[in-house]
Amino acid sequence: MGAELTPPNKKLFRIDMTAATDFSPPAAAFSAANCPAGKVTKVATPFLEITHTLPELGNKLPEKLEGLAIGPRLKDGSYLLVIGTDNDYSVTQNSSGQQFDVYFRMTDADPYQTSIFCPLGRTSGCFFHDANGDSTGPATLTTDYALLPGMLLAYKVSEADLGTFVRPGPPFPGGINNEP
């Protein structure tokens with residue numbers, strides 16, 4: 001609750017794994033103990049700056065981006081890169097542990113400060129809140145307010161941008177990709 005809506009560090013960095021140990025089957029079982037330090041390094045320059053790519057949302061991005069996938073190869077030889085987030089900041093709880101849907105008006109300077117809490121799954125019994133999530137008075141939910149959506153951000157990246165990217169093959173029988 002009360003997180004920065006436009007954190008400055010929304011950057012995607014490349015990592016260099018050329019010195020990394022291959023833990024693919026039938027190699028030794030993976031563990032932190034057999035992963036030597038310093039074998040994977042981060043390239044200093046960001047590969048992608050995400051912070052200001054969404055002017056349609058007033059350059060406000062979710063606090064945390066939670067998934068990244070390199071999608072299919074496109075007709076021009078480039079690739080689709082997809083970055084995703086869920087909407088778990090649209091649910092919160094107060095200091096007593098009661099959960100609420102959180103509705104935001106994204107046109108406000110600080111949408112969290114003016115957000116409205118409603119009992120889960122309801123649009124009545126809503127209220128404005130203090131820093132602890134406790135009621136400071138009743139609120140009427142209007143169409144200006146909405147739950148945070150889950151998002152998928154899509155980018156087109158060149159084959160050169162992906163360096164030595166190798167599309168994964170089929171999962172290893174009985175290996176880590178087949179675990180439930």
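Every read-out reported here was derived from the displayed coordinates using simple, explicitly stated rules and does not represent laboratory data. The structure displayed is predicted, hence computed values, not measured ones. Reconstructed Cβ throughout: ideal geometry from the backbone, glycine too, with neighbour counts over all protein chains shown.
Extension gain, residue 13-residue 123: 0.36 nm per intervening residue step, less the Cα-Cα distance, totals 35.5 nm. Most tightly packed first, judged by the mean number of other beta-carbon atoms within 10 Å of their residues, the peptides 154-166, 100-112 read 100-112, 154-166. Each peptide among 64-74, 78-88 gets the average number of other Cβ atoms lying within 10 Å of its residues, and from highest to lowest they stand as 78-88, 64-74.
Overall dimensions of the stretch 89-138, expressed as equivalent-ellipsoid semi-axes from the Cα gyration tensor (√(5λ), whole Å, largest first), are 16, 12, 10.
Under 23 Å of direct C-alpha separation, and excluding same-chain neighbours fewer than eight residues apart, residue 42 reaches these lysines: 10, 11, 64, 156. Mean sequence separation of contacting Cα pairs (under 8 Å, at least six apart), scaled by the length of the stretch 89-138, corresponds to a relative contact order of 27 percent. Once both labels are positioned 7 Å from their Cα atoms along Cα-to-Cβ, the gap between residue 144 and residue 20 label points is 4.8 nm.
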